[in-house]
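The values are calculated or read from the model by the stated rules, or taken from the named source; none is laboratory data. Treat the numbers as computed from the prediction; the structure is a model and nothing was measured. No Cβ is skipped: glycine too gets one built from the backbone with ideal geometry, and neighbour counts run over all protein chains shown.
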Amino acid sequence: MELVKKLNVRETTVNADTDLENGVQMFVLMDYLPELYPDSCFYFDIKIQPFLDYLLEAGFTENQIIEMNNRMYGNFVDITFYKDKGLYVLEVGAR
């Protein structure tokens, strides 16, 4: 749980982030993000810990996860919390 405190988690709402109409359903968001960012992979969950478990099981260290979470360029990990949906989105990609 200490790792969670060291990560940058962006908070927003679906409508503020995507300009989609009010009341957008989650399946629309799940289709919208990969279409908008085709070079990234997206993972959706109501908790942040499964993302971290996934990355650790994939062989990343906590330091690597923190480093990728703070990168402006190269391989990155971004975490966004959509407050209006109670949903975390993990984006893994390269920029």
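Can you tell me which residue is modelled with the highest pLDDT among those in segment 17-51 that are aliphatic (A, V, I, L, M) and surrounded by 11 or more Cβ atoms within 10 Å (Cβ to Cβ)?
By that ranking, first place goes to Ile48.
Against the condition in a strand (DSSP E or B), in contact (Cβ under 8 Å) with a residue 24 or more places away in the chain and touching a helix residue (DSSP H, G or I) at 6+ places or on another chain (Cβ under 9 Å), how does Asp84 come out, does it pass?
No: the conditions fail for Asp84.
What pairs can you find where one residue is in segment 47-58 and assigned to a helix (DSSP H, G or I), the other is surrounded by fewer than 12 Cβ atoms within 10 Å (Cβ to Cβ), and their Cβ atoms are less than 8 Å apart, with a gap of 6+ or different chains?
Partner pairs satisfying both residue conditions: Gln49/Met1.
Has segment 52-63 got at least one residue that is over 13 Å from Val92 (Cα atoms), at pLDDT below 90 and among the aliphatic types (A, V, I, L, M)?
no
Restricting the search to segment 55-75, which residues are in contact with an Asp or Glu (Cβ under 8 Å, 6 or more places away or on another chain) and over 13 Å from Lys6 (Cα atoms)?
Within segment 55-75, Leu56 is the sole residue that qualifies.
Considering only residues that are out of contact with any helix residue (DSSP H, G or I) (no Cβ under 9 Å at 6 or more places or on another chain) and closer than 15 Å to Leu33 by Cβ, which ones fall in segment 52-81?
Phe81 - this is the single residue of segment 52-81 that is out of contact with any helix residue (DSSP H, G or I) (no Cβ under 9 Å at 6 or more places or on another chain) and closer than 15 Å to Leu33 by Cβ.
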